[in-house]
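Trainee: Mind having a look at this structure? Questions to follow.
The values are calculated or read from the model by the stated rules, or taken from the named source; none is laboratory data. Keep in mind that this is a model prediction, so the values were computed, not measured. Cβ: placed from backbone, ideal geometry, glycine included. Neighbour counts: every protein chain shown. These accessible areas exclude ligands, DNA and RNA; they are computed on the full protein's heavy atoms, side chains included. Shrake-Rupley method; radii C 1.70, N 1.55, O 1.52, S 1.80 Å.
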Amino acid sequence: MRDRVFTVAILGFTGGVILRSFLNPGFSFTLFLFFLSIAVLFLWFIQYKKSVLFVSLTIFFIALGVIRFDIADNNSSPLLESRVNSIIKTEATIVDEPDERENNVQLTAQLENIFIDGERFAVKTRMKITTDRYPPWEYGDKVILLGKLVKPKNFTNIETKKEFDYISYLEKDGVFYQMFYPKIELEAKGEGNFIKENLFAFKRAFLRNISRVIPEPASSLLGGLVVGAKQSLGQKLLDDFRIAGIIHVVVLSGYNVTIIAEALMRFFAFLPRVASLWLGAGSIVLFAVMTGAGATIVRASIMALLVILARATGRTSEITRALFIAGFLMVLFNPKILVFDISFQLSFLATLGLILFPPLLEKHFHFVPTKFQLREFALATISTQIFVLPLLLYKVGQLSLVALPVNLLVLMFVPLTMLFGFFTGVIGFLSIALSIPFAFITYGFLAYELKVVEIFASMPFASVQIDSFPLWLMLGMYGLYAWGIYKFWDKNNNPKVEP
């Protein structure tokens, strides 16, 4: 009974959030759902059928999901709405790490005041600013902006021919407006969160140490791997990573964090079990802190820690329930991530794949040697690749035919690259000369990884473009996954995940 109520609550709430993500039926519809759930509940008091009770609870939690999204959807400013497409002067604070691109930098700013006819009016919303890379701006800078206020617009990807819902993508982070190349005047520094400010300052110094001893583009790739640095690798190299099916390494998505967590666990597998688990979990926490503990990394790190817990206890069903509870709490905190944040979707599905798929595939991988944990690593890589594939085909439409070999060839060296890269940057604080031996080893790994991507991306059959991958087909594939897992569990009496 308790398990069914849990399932109904999760499915009902997420169903309500999904419904509200695409439709806005209005408050009267939500009120109707509440009254309908009460009416069905009265029917249950008459008939005492569990199915009737579950219908009532489902409707109730759908209504809660709709209401939660409504609350999160009310963050725009009426004062700014009336000045869209006009030149305005505002006071704002940069509240996130600058996102460096090839030709510009994007800043996320928290607007605090708008100046109208010499008077100051308080506003509270976020804006995305596109400006030149120089002069450099930092997290916590308080600035005066003078520029044209515009609303974000959706756009169609030239390569995939798919429309990207850029409006909703920004709104999930509370961003409702944009400015392109405004006049920016620095008013004060150090106005951000003290902890984040110091984390980002340490990251900048760490990246400077790396860039002194490792050339581009290897240093930018290492910055993305170790501390989630938002530095452009150049469009050509980014395209190669995308074609090779390993772009998640560059952008440090939730999917990438999950893979890295699995690799870290395999790296420490030679130690006693307790030490391996503690070091693996500690490494993931340190990794999250090193990246500045952004929302995407925190979500992915929580899910990765759940995988470690699954391997420590060997109880797949309980840890699967914990994963859904974690996902539910994340959606409760920010309901817009469920539909509009692909990083959340990928990290959730990748973690679920790591928990559920290895027992199904293990018997087919006896040909892979167990030495250096190769079999386990191959299982983890293939499990996540299979589980995220339908979503990637639906969202991106690009199918990399070389993704599996590239991921196997590259990801097994990611932990060592990160380890020696971390030593390179940290020892650089003491002496650049002492960091050179570690930089030499790190550059060897990076050069190998870049070469693998270059070779496979240059193959004529490396990827194919799927212009139309319908929603029903994606849902059908995940339905088949669910059926196969259910049948396997039923046949094997809920198999355990062996550590």
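Trainee: I need every pair where a residue in the stretch 5-20 that is at positive phi and modelled with pLDDT under 90 has its Cβ under 9 Å from the Cβ of a residue that is buried (at least 17 other Cβ atoms within 10 Å of the Cβ) and not in a helix (DSSP H, G or I), sequence separation at least 6 or different chains.
Mentor: No pair meets every condition.
Trainee: Moving to a separate point now. Considering each residue of the stretch 305-352, count those that are open to solvent by less than 30 Å² (accessible area, probe 1.4 Å), basic (Lys, Arg) and modelled with pLDDT under 80, and give that number.
Mentor: The total comes to 1.
Trainee: Right, something else. Here is a list: LEU207, LEU146, LEU225. Which entry is within 23 Å of VAL396 (Cα to Cα), among the hydrophobic types (A, V, I, L, M, F, W, C) and either touching a residue at least 12 places away in the same chain (Cβ under 8 Å) or in a loop (DSSP other than H, G, I, E, B) (or both)? I'd like the intermediate steps shown before the answer.
Mentor: Numbers: LEU207 fails: within 23 Å of VAL396 (Cα to Cα); LEU146 fails: within 23 Å of VAL396 (Cα to Cα).
The conditions single out LEU225.
Trainee: Of all residues in the stretch 241-252 being over 16 Å from THR417 (Cβ atoms) and crowded, with 23+ Cβ neighbours inside 10 Å, which is modelled with the lowest pLDDT?
Mentor: The initial filter retains those residues of the stretch 241-252 that are over 16 Å from THR417 (Cβ atoms), namely 242-245, 247, 251.
Applying the additional criterion that residues be crowded, with 23+ Cβ neighbours inside 10 Å yields 244-245.
Details: ALA244: 88, GLY245: 84.
Top of the filtered list is GLY245.
Trainee: In the stretch 353-373, what count of residues is obtained for those that are of a type in the set (A, V, I, L, M, F, W, C), in a helix (DSSP H, G or I) and open to solvent by less than 20 Å² (accessible area, probe 1.4 Å)? Step through it out loud before you land on a result.
Mentor: Of all residues in the stretch 353-373, those of a type in the set (A, V, I, L, M, F, W, C) come to 354-357, 360-361, 365, 367-368, 372.
Filter again for in a helix (DSSP H, G or I), leaving 354-356, 360-361, 372.
The next check asks that each one be open to solvent by less than 20 Å² (accessible area, probe 1.4 Å); those that pass are 354-356.
Selection size over the stretch 353-373: 3.
Trainee: Right, something else. Give the stretch 201-225 a look and list any residue that's of a type in the set (A, V, I, L, M, F, W, C) and open to solvent by 10 Å² or more (accessible area, probe 1.4 Å), or say none. If you could, list the steps in order and put the result at the bottom.
Mentor: Quick first cut of the stretch 201-225, residues of a type in the set (A, V, I, L, M, F, W, C) only: 201-202, 205-207, 210, 213-214, 218, 221-222, 225.
Correct list: ALA201, PHE202, ALA205, LEU207, VAL213.
Trainee: Does PHE445 count as among the hydrophobic types (A, V, I, L, M, F, W, C), free of Cβ contacts under 8 Å to residues at least 40 places away in the same chain and in contact with a Leu (Cβ under 7 Å, 6 or more places away or on another chain)?
Mentor: So PHE445 fits the description; yes.
Trainee: Hey, could you check the stretch 24-69 for residues that are within 32 Å of the chain's Cα centre (by Cα) and not in a helix (DSSP H, G or I) and say which is nearest to LYS172 (Cα to Cα)?
Mentor: We begin by selecting, within the stretch 24-69, every residue within 32 Å of the chain's Cα centre (by Cα); these are 24-27, 30, 57-69.
Then keep just the ones that are not in a helix (DSSP H, G or I); that gives 24-26.
On the way: ASN24: 16, PRO25: 20, GLY26: 20 Å.
This residue is ASN24.
Trainee: While we're here: Does any residue in the stretch 101-115 that is closer than 11 Å to THR125 by Cα come within less than 7 Å, Cβ to Cβ, of a residue that is acidic (Asp, Glu) and at pLDDT 90 or above six or more places away or on a different chain, and which pairs are these?
Mentor: GLU112/GLU91; ASN113/GLU91
Trainee: Based on what the data block shows, is ALA109 open to solvent by less than 50 Å² (accessible area, probe 1.4 Å), at pLDDT 90 or above and on the phi < 0 side of the Ramachandran plot? Outline the logic, then answer.
Mentor: Numbers: open to solvent by less than 50 Å² (accessible area, probe 1.4 Å): yes; at pLDDT 90 or above: yes; on the phi < 0 side of the Ramachandran plot: yes.
Considered against the rule, which asks whether it is open to solvent by less than 50 Å² (accessible area, probe 1.4 Å), at pLDDT 90 or above and on the phi < 0 side of the Ramachandran plot, ALA109 comes out as yes.
Trainee: Considering only the stretch 265-277, how many residues are over 24 Å from the mean Cα position of the chain (by Cα) and of a type outside the set (Ser, Thr, Tyr)? Give the derivation first.
Mentor: Taking the stretch 265-277 and keeping what is over 24 Å from the mean Cα position of the chain (by Cα), we get 268-276.
With the extra rule that they be of a type outside the set (Ser, Thr, Tyr), the set shrinks to 268-275.
Final tally of qualifying residues: 8.
Trainee: Just wondering, is there one or more residues in the stretch 373-391 that are under 26 Å from ALA462 (Cα atoms) and touching a strand residue (DSSP E or B) at 6+ places or on another chain (Cβ under 7 Å)?
Mentor: no
Trainee: For the stretch 85-94, which positions are surrounded by fewer than 20 Cβ atoms within 10 Å (Cβ to Cβ) and over 18 Å from ASP117 (Cβ atoms)?
Mentor: Scanning the stretch 85-94 gives ASN85, THR93.
Trainee: Kindly list the number of the only condition in (1) farther than 25 Å from PHE194 by Cα; (2) open to solvent by 50 Å² or more (accessible area, probe 1.4 Å); (3) not in a strand (DSSP E or B) that fails for ARG133.
Mentor: (1)
Trainee: Restricting the first residue to the stretch 325-353 and requiring it to be touching a residue at least 12 places away in the same chain (Cβ under 8 Å), which pairs with a second residue that is of a type in the set (Gly, Ala, Ser) and outside any helix (DSSP H, G or I) meet a Cβ separation below 7 Å and a spacing of at least six or different chains?
Mentor: Final answer for the pair search is SER343/SER253; LEU346/SER253.
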